[in-house]
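Peer 1: Mind looking over this structure? Questions follow.
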Amino acid sequence: MTWFTVALVLVVAAAGLLRWRRPAWYWLTFGVTLASLRVLVRYASVMDACGLTVPPARWRLALARMANREVPQSRPPRILRIRPTRTGLVLRLGLRPGQDAFDVAASADRLRHSFALYGVTSRELRSGVVEVRMTGYDVLRRVQMPAKTDARPMRVPVALREDGSVHYRDYRTVPHGLTLGATESGKSVYQRNLVAGLASLDVALVGIDCKQGVELFPLARRFSALADNPDTALALLEALVTHMEDVYQLIRANQRITVNVPDAEIAADIWDLPDDLRPVPVVVLVDEVAELALFASKDDEKRRDRIITALVRLAQLGRAAGIYLEICGQRFGSELGKGITMLRAQLTGRTAHRVNDESSANMAFGDIAPDAVLAAIQIPTDTPGIAVTGDASGGWSRIRAPHTSLREAVNICNKHAERTPELPALAAFRPAVAPLPPARVPLSKTAPATA
Ligand SMILES: Nc1ncnc2c1ncn2[C@@H]1O[C@H](COP(=O)(O)OP(=O)(O)OP(=O)(O)O)[C@@H](O)[C@H]1O
Ligand SMILES: [Mg+2]
């Protein structure tokens, strides 16, 4: 008996320690079972308390009255499926007549407290079916990306959402992106994660880093072109516009529409071209974009206008030529001069890290999701990397990228250095890097050590 008590105390202590120090491990060991039981046992009473039940159907009442039986109880939504995940539980609910998805969304906070879980979000899957995602702990406190993600061409897992799902940056559906945030809010780390994700794909990376190159130049081995000041940036962007025009010529040359060509084979962008002809897609990363738009003299102003014009052209026409823009900055509004709001309107994917004032958040979300503006202002200073991002459905969610250090990103880029494509149009901007030291030859019979 005493041994049993000791074992029980040890298990409870271990669970408590895990819950405190390693919530993710706690969830996988104890949390998931306890939470599933809690949800299933308390389900009917919690739904009733949260006002998510409907009165029994009339015919049931009539039947009960006729048979002189107990009056049937109100019915909660049907549980269609309960699925434990790495970070929480996913419930699929079938709504009763008279209920709507908004009822569930409005009760999310009450459900969270009643089931003693960390976060609850819901979305409608189809008419009458709602998915409720619950997380067991604060997944954004220490971001751990799942080992297996749904990899596709031009789609990189870049952060974790607060509901525990992976946030992807998908260049095929959202070609251009804008990332805003105050200083030290985590923009460069987010961009570094993107580079690390893109490094293993067949894509050319082009970087413009006006912070004298401190963020992107260490990753130079995987970059096909880099610029660290506005003058080089201008030449680079104009070279990219020329490259884009060449790609369009290539697409046109391959269209040759005749009656014999099946509809599916008519090319209007690079992805319709056959694999052997397709030019490599290019992702252009710009850090500290305001540096490109500021000017002090008349000459600077001319350069600035040309830079913004080139960026606007790339944003307008780049998608079909496989040129994608990823722009980072602290603010990106009309005070940076003409052309900026026009460029911003082309940047569909919006992400805002912590901002200091409403007007900066408005630059990201003012025109698409007003409640996301509030969420971006509320991000606390002590959690760099937390951001609000718009999603494909027009809603928004809170995300955080894993804390990839510059060293880790450099290692990933060096590992994939041989993937770096040579773009003839951008050859002049290829960063000069020393070749990597050869991998150490193992001392074996086939490769004898030389003296
Ligand atoms: N996702 C994250 N998780 C944990 N810590 C982070 C994360 N992102 C950023 N940080 C921390 O915040 C610091 C600042 O991040 P970062 O350099 O990306 O900011 P920034 O927005 O680019 O700032 P600046 O505008 O000055 O360039 C980093 O050194 C890192 O310690
Ligand atoms: Mg930065």
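Peer 1: Taking Arg172 and the conditions (1) more than 16 Å from ligand 2 (Cβ to nearest atom); (2) at positive phi, which numbered condition does it fall short on, given that it satisfies the others?
Peer 2: It is condition (2) that Arg172 fails.
To keep it simple, each residue is scored yes or no on (1) modelled with pLDDT of 90 or more; (2) in contact with a Lys or Arg (Cβ under 8 Å, 6 or more places away or on another chain); (3) open to solvent by 50 Å² or more (accessible area, probe 1.4 Å).
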position	(1), (2), (3)
Leu236	yes, no, no
Glu245	yes, no, yes
Ile257	no, no, yes
Arg313	yes, no, yes
Gly318	yes, no, no
Ile327	yes, no, no
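Peer 1: Follow-up. Given the residues Asp163, Asp202, which is the only one that is of a type in the set (D, E, K, R), touching a strand residue (DSSP E or B) at 6+ places or on another chain (Cβ under 7 Å) and farther than 22 Å from Leu343 by Cα? It would help to see each step written out before you state the result.
Peer 2: Values: Asp202 fails: touching a strand residue (DSSP E or B) at 6+ places or on another chain (Cβ under 7 Å).
From the options Asp163, Asp202, the qualifying one is Asp163.
Peer 1: Tell me whether region 414-424 contains one or more residues that are among the small types (Gly, Ala, Ser) and within 15 Å of ligand 1 (Cβ to nearest atom). Break it down stepwise before answering.
Peer 2: Just the residues of region 414-424 that are among the small types (Gly, Ala, Ser), to begin with: 417.
When the remaining residues are screened for being within 15 Å of ligand 1 (Cβ to nearest atom), the result is none.
Looking through region 414-424, none of the residues is among the small types (Gly, Ala, Ser) and within 15 Å of ligand 1 (Cβ to nearest atom).
Peer 1: Taking region 1-11 on its own, how many of its residues are open to solvent by 90 Å² or more (accessible area, probe 1.4 Å) and either under 17 Å from Val32 (Cβ atoms) or outside any helix (DSSP H, G or I) (or both)? Outline the logic, then answer.
Peer 2: Initially, region 1-11 is screened for residues open to solvent by 90 Å² or more (accessible area, probe 1.4 Å), giving 1-4, 8-10.
Next, from what is left, pick out any that are either under 17 Å from Val32 (Cβ atoms) or outside any helix (DSSP H, G or I) (or both): 1.
Number of matching residues: 1.
Peer 1: May I ask you to list the residues in region 381-399 that are open to solvent by less than 60 Å² (accessible area, probe 1.4 Å) and either farther than 16 Å from Tyr190 by Cα or within 16 Å of ligand 2 (Cβ to nearest atom) (or both)?
Peer 2: To start, the set of residues in region 381-399 that are open to solvent by less than 60 Å² (accessible area, probe 1.4 Å) comprises 383, 385-391, 394-395, 397, 399.
Scanning region 381-399 gives Gly385, Ile386, Ala387, Asp391, Gly394, Gly395.
Peer 1: Further question on the same structure: In region 54-87, how many residues are over 23 Å from Tyr118 (Cα atoms) and open to solvent by less than 30 Å² (accessible area, probe 1.4 Å)?
Peer 2: Residues in region 54-87 being over 23 Å from Tyr118 (Cα atoms) and open to solvent by less than 30 Å² (accessible area, probe 1.4 Å): 4 in total.
Residue-wise test of (1) among the hydrophobic types (A, V, I, L, M, F, W, C); (2) within 16 Å of ligand 2 (Cβ to nearest atom).
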site	(1), (2)
Pro146	no, no
Pro157	no, no
Asn193	no, yes
Leu201	yes, no
Arg222	no, no
Leu237	yes, no
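Peer 1: Whether any residue in region 219-226 is within 30 Å of Val373 (Cβ to Cβ) and either within 13 Å of ligand 1 (Cβ to nearest atom) or open to solvent by less than 40 Å² (accessible area, probe 1.4 Å) (or both) is what I want to check. Break it down stepwise before answering.
Peer 2: Residues of region 219-226 within 30 Å of Val373 (Cβ to Cβ): none.
So far as region 219-226 goes, no, none of its residues is within 30 Å of Val373 (Cβ to Cβ) and either within 13 Å of ligand 1 (Cβ to nearest atom) or open to solvent by less than 40 Å² (accessible area, probe 1.4 Å) (or both).
Peer 1: Can you tell me which residue among Ala199, Ala147 is touching a Cys at 6+ places or on another chain (Cβ under 6 Å) and either more than 10 Å from ligand 1 (Cβ to nearest atom) or without any contact (Cβ under 8 Å) to a residue 24 or more places away in the chain (or both)?
Peer 2: Details: Ala147 fails: touching a Cys at 6+ places or on another chain (Cβ under 6 Å).
Criteria check complete, one pass: Ala199.
Peer 1: I would also like to ask the following. Can you name every residue in region 172-193 that is within 26 Å of Arg133 (Cα to Cα) and either within 16 Å of ligand 1 (Cβ to nearest atom) or buried (at least 23 other Cβ atoms within 10 Å of the Cβ) (or both)? Lay out the reasoning, then the answer.
Peer 2: Pass one, region 172-193, residues within 26 Å of Arg133 (Cα to Cα): 173-174, 190, 193.
Within region 172-193, Tyr190, Asn193 meet the criteria.
Residues are listed down the side, and each one gets a yes or a no for (1) in a strand (DSSP E or B); (2) open to solvent by 50 Å² or more (accessible area, probe 1.4 Å); (3) within 23 Å of Pro384 (Cα to Cα):
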position: Ser122; (1), (2), (3): yes, no, no
position: Glu131; (1), (2), (3): yes, no, no
position: Met134; (1), (2), (3): yes, no, no
position: Asp138; (1), (2), (3): no, yes, yes
position: Met145; (1), (2), (3): no, yes, yes
position: Thr149; (1), (2), (3): no, no, no
position: Val156; (1), (2), (3): yes, no, yes
position: Leu160; (1), (2), (3): yes, no, yes
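Peer 1: Regarding region 24-42, can at least one residue be identified that is of a type outside the set (Phe, Trp, Tyr), free of Cβ contacts under 8 Å to residues at least 24 places away in the same chain, over 30 Å from Lys148 (Cα atoms) and assigned to a helix (DSSP H, G or I)? Please lay out each step first, then the result.
Peer 2: We begin by selecting, within region 24-42, every residue of a type outside the set (Phe, Trp, Tyr); these are 24, 28-29, 31-42.
Filter once more, so that each one left must be free of Cβ contacts under 8 Å to residues at least 24 places away in the same chain: 29, 33-34, 37, 41.
With the extra rule that they be over 30 Å from Lys148 (Cα atoms), the set shrinks to 41.
Checking the rest, the ones that are also assigned to a helix (DSSP H, G or I) come to 41.
Yes; the residues of region 24-42 include at least one that is of a type outside the set (Phe, Trp, Tyr), free of Cβ contacts under 8 Å to residues at least 24 places away in the same chain, over 30 Å from Lys148 (Cα atoms) and assigned to a helix (DSSP H, G or I).
The values are calculated or read from the model by the stated rules, or taken from the named source; none is laboratory data. These numbers were taken from a predicted model, which means no experiment stands behind them. Using ideal geometry, Cβ is built from the backbone for each residue, glycine included, and neighbour counts are taken over all protein chains shown. Note: areas computed on protein heavy atoms with side chains; ligands, DNA, RNA excluded. Shrake-Rupley method; radii C 1.70, N 1.55, O 1.52, S 1.80 Å.
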